[in-house]
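No lab work stands behind these numbers, since they all come straight from the coordinates. Everything numeric in this text was worked out from a predicted model, so none of it was measured. So basically every Cβ, Gly included, is an ideal-geometry build from the backbone, and we count neighbours across all protein chains shown.
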Amino acid sequence: MNLQTLSPTITNMIRMDHSHVLMLFRRFQPGVTQMRKKAIVSNACLALEIHAQLEEEIFYPALRRVLGPDRMLDKSVPEHQEMRRVIGILRNMEPEGPEYDQTFRELMRDVLHHVADEESMLLPAAEEKLADELRPLGAQMTSRRMQLLRPHLGEVAVTTAQSFPLASLALALGILALVLLARRGSTRADGREAEGRRVSLGSTRSSRQDWQSSLGGS
Ligand SMILES: [Fe+2]
Ligand SMILES: [Fe+2]
């Protein structure tokens, strides 16, 4: 099995990226702490930048090849550029500042419109016109994503844990449960092994007794 057969289609990967960002948007609520707010914004901005670059390098050119001139496709890159501009402003702001929330909500609104256009027009068009290429393109996107993410893995881990504390807790508990299960399994195996050794020693002793009694009896 290679990456191409395991990889999701490029259109489903794009939908998953959109869902991740929408989940972050939903967590950006008035009551959240400044630390979590900043983590949500950092995580969303990086996710959006990587997603936009992947679309521009892989998805849009493939779609352009089969669609030719297309109004929706034509406005996609300028919309990404506007998104990058707002992300640049947000990165120079602190969450305590008066315009932080408003600027992030402006980004949210633009992204929601852009995502709606992609999901309602561009993704179905790709699924119709690029049917045989969707999985290889998905594989290409996966390997490029790994390259782009590599320098940011530490930041992604921290901001994801701060943005989704319950999910991180569930993950940590899941890992803990697996460790405990594994340890229980190995303790049982050790127990069985010790029991086996006792049986084995017992049988050695009984063999020795048999042997001694047979000597005594002789
Ligand atoms: Fe896009
Ligand atoms: Fe997108």
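You can think of it this way: the chain between S120 and L148 has 7.4 nm of extra reach, that is 0.36 nm per residue less the Cα-Cα gap.
What does the net charge come to around F28 if you take all other residues with beta carbon closer than 10 Å to its beta carbon, with K and R at +1 and D and E at -1?
Result for the local shell: +4.
Could you calculate the contour length gain from Q29 to K75, that is, 0.36 nm times the residue separation minus the distance between their Cα atoms, to one decimal place in nm?
The span from Q29 to K75 would gain 13.6 nm if fully extended.
With K and R counted +1 and D and E -1, the other residues having a Cβ less than 12 Å from that of T160 yield a net charge of +1. Could you tell me which GluC sites (Glu not before Pro) in region 40-131 are loop residues by DSSP with no more than 11 other beta carbons within 10 angstrom of their beta carbon? Counting only loop positions with at most 11 other Cβ atoms within 10 Å, the GluC sites (Glu not before Pro) in region 40-131 are E96, E99.
Rounded to the nearest whole Hz, the Karplus-based 3J(HN,Hα) values (6.51 cos²θ - 1.76 cosθ + 1.60, θ = phi - 60°) of region 43-51 follow the sequence 5, 5, 5, 5, 4, 5, 5, 5, 4, with x at glycine and proline.
Here the Karplus relation 6.51 cos²θ - 1.76 cosθ + 1.60, evaluated at θ = phi - 60°, turns the backbone of region 146-156 into coupling constants of 4, 4, 6, 7, 3, x, 10, 4, x, 4, 4 Hz, with x for every Gly and Pro. Computed over neighbours whose Cβ is under 11 Å from that of I58, the net charge equals -2, Lys and Arg +1, Asp and Glu -1.
A Cβ-based charge dipole, computed about the Cα centre of region 3-163 with Lys and Arg at +1 and Asp and Glu at -1, lands at about 400 debye.
Taking square-rooted eigenvalues a ≥ b ≥ c of the alpha carbon gyration tensor, is region 1-50 rounded, prolate or oblate, where a/c under 1.5 means rounded and, failing that, a/b exceeding b/c means prolate? Working shown, then result.
Values: a/c = 3.64, a/b = 2.89, b/c = 1.26.
The shape class here is prolate.
Dimensions of region 1-148 based on its C-alpha atoms, expressed as ranges along the principal axes with the largest first, amount to 49, 37, 22 Å.
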